[in-house]
Structures are given as C-alpha cells and as structure tokens.
1. I need a count of the residues in the stretch 11-27 that are among the charged types (D, E, K, R) and at pLDDT 95 or above.
2. In the stretch 79-91, what residues are more than 15 Å from the chain's Cα centre (by Cα) and touching a residue at least 24 places away in the same chain (Cβ under 8 Å)?
3. S55 fails exactly one of the following numbered conditions: (1) more than 29 Å from C115 (Cα to Cα); (2) polar (S, T, N, Q); (3) loosely packed, with under 15 Cβ neighbours inside 10 Å. What is the number of that condition?
4. Can you name the number of the only condition in (1) in contact (Cβ under 8 Å) with a residue 60 or more places away in the chain; (2) farther than 19 Å from V24 by Cα; (3) within 15 Å of the chain's Cα centre (by Cα) that A107 fails?
5. For the stretch 31-56, what are the residues that are modelled with pLDDT under 90 and touching a strand residue (DSSP E or B) at 6+ places or on another chain (Cβ under 7 Å)?
6. Would you confirm whether or not the stretch 57-64 contains a residue that is of a type outside the set (D, E) and at pLDDT below 90?
7. Output the residue which, of all residues in the stretch 71-98 that are of a type in the set (A, V, I, L, M) and crowded, with 22+ Cβ neighbours inside 10 Å, is nearest to L162 (Cα to Cα).
8. Can you pull out the residues in the stretch 65-79 that are in a strand (DSSP E or B) and either at pLDDT 95 or above or hydroxyl-bearing (S, T, Y) (or both)?
Amino acid sequence: MISIRRAVNDVDWQEAVALLHDHVEWMRAWTDFDPIAEQPSLVDELEHLDGHYRSGHAAMFLASWRSTCVGTVAVRCHDDGSAELKRMYVRPVARGRGVADRLVDVAVDFAAQRCCRDVWLETLRGAMDPAIALYRRNGFADAPARPATLGMPGIVVMERRLPATRRCA
C-alpha cells in the first residue's frame, strides 16, 4: 500500500533530505547533469529544507510503500498564479508501482487548493524520459513559451493547466 503525507516534523524533513541526496547521486550517475553544479542554491535548500517548503504556499510530500519512505515531491506556488512541481524522486525499488502518479496527484491538488491556474516543471531528456512519460500521462505537455530556469541542453519545461473547477476547491 502507498501512503502520502506532507512533511511536517523533523523525521519527515530528515527523510526528505535523504531522498533528495539519493536523487542527486542518481542524477550524477545516470546523466551528465550535476544538480549541485547546475543549481548551487540546492546546497542551502537541502540544509534548510523545511524553511523552503513549510509555508502555506509551498509543501514537501513523502510517499511510503511497505512502511518505507520511497519518494518525494515538492510544490511551490508563485505570485503569477502558477505552481512549480519540484524535487520529484522515487527510489528505484518503488518505481513502476504508482508512487510517482500519486505524488503528482497530491502536488496538483495542493496547487489547485491554492487557486493556481497551472502547474509547471523542468526535467531532462534522456535518463529522465520515463519521468517525461509519467508527466505526459498525468496531463502535462511541453511548454515552449515558458522559459527554462536551468541552463543546460536537454531541459524540457512542461505545464499542466488546471481547469477552473479544480481551483480553489
């Protein structure tokens, strides 16, 4: 059984940091992308994760499978009415079990409850192609009009519009 919870206490934040360190190492091993080199602010984010995602307009969610924390996703609402899906990672042992789909659902619901009109994300072609397929399956499409914040080749920006009926529920 998969369960999803919002990070709220010290244990949750420690679990999230561990997952994100795994994600950084996975990215380094399977891609030409070093998240720390590309995003130097990530070091501070990992050291103070709760300060980045504890507010009413941002959240970190954790997924557990068989009582083990196996995945995470963050979402941050922006002043322009959009929400950014960030820090999505599922440990290899839990992939293909619906964990990522559940995390995307929770992130989109969080954005909708905060009246966001769309949710966007950045990902990387190649090793992240399964993630791109996951996002497409969950209603995301390429967003060529939205500029990438990451400055390397292969970055894909994707977006999902939220219907008015899903917003401010």
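The values are calculated or read from the model by the stated rules, or taken from the named source; none is laboratory data. Since we're looking at a predicted model, the values are computed, not measured. Quick reminder, even Gly has a Cβ in these numbers, built from the backbone with ideal geometry, and neighbours come from all protein chains shown.
1. Quick first cut of the stretch 11-27, residues among the charged types (D, E, K, R) only: 12, 15, 22, 25.
Subsequent filtering for residues that are at pLDDT 95 or above retains 12, 15.
Counting residues in the stretch 11-27 that are among the charged types (D, E, K, R) and at pLDDT 95 or above gives 2.
2. Step one: list which residues in the stretch 79-91 are more than 15 Å from the chain's Cα centre (by Cα), which gives 79-81.
The answer is G81, and nothing else.
3. Status for S55: all satisfied but (1).
4. (1)
5. Scanning the stretch 31-56 gives T31, F33.
6. No, the stretch 57-64 contains no residue that is of a type outside the set (D, E) and at pLDDT below 90.
7. Of the stretch 71-98, the ones of a type in the set (A, V, I, L, M) are 73-75, 83, 85, 88, 90, 93-94.
Still in the list and also crowded, with 22+ Cβ neighbours inside 10 Å: 73-75, 83, 85, 88, 90.
Values: V73: 18, A74: 18, V75: 15, A83: 10, L85: 13, M88: 19, V90: 24 Å.
Out of the qualifying residues, it is A83.
8. Of the stretch 65-79, the ones in a strand (DSSP E or B) are 65, 68-77.
Listed by number, the residues that qualify are T68, C69, V70, G71, T72, V73, A74, V75, R76, C77.
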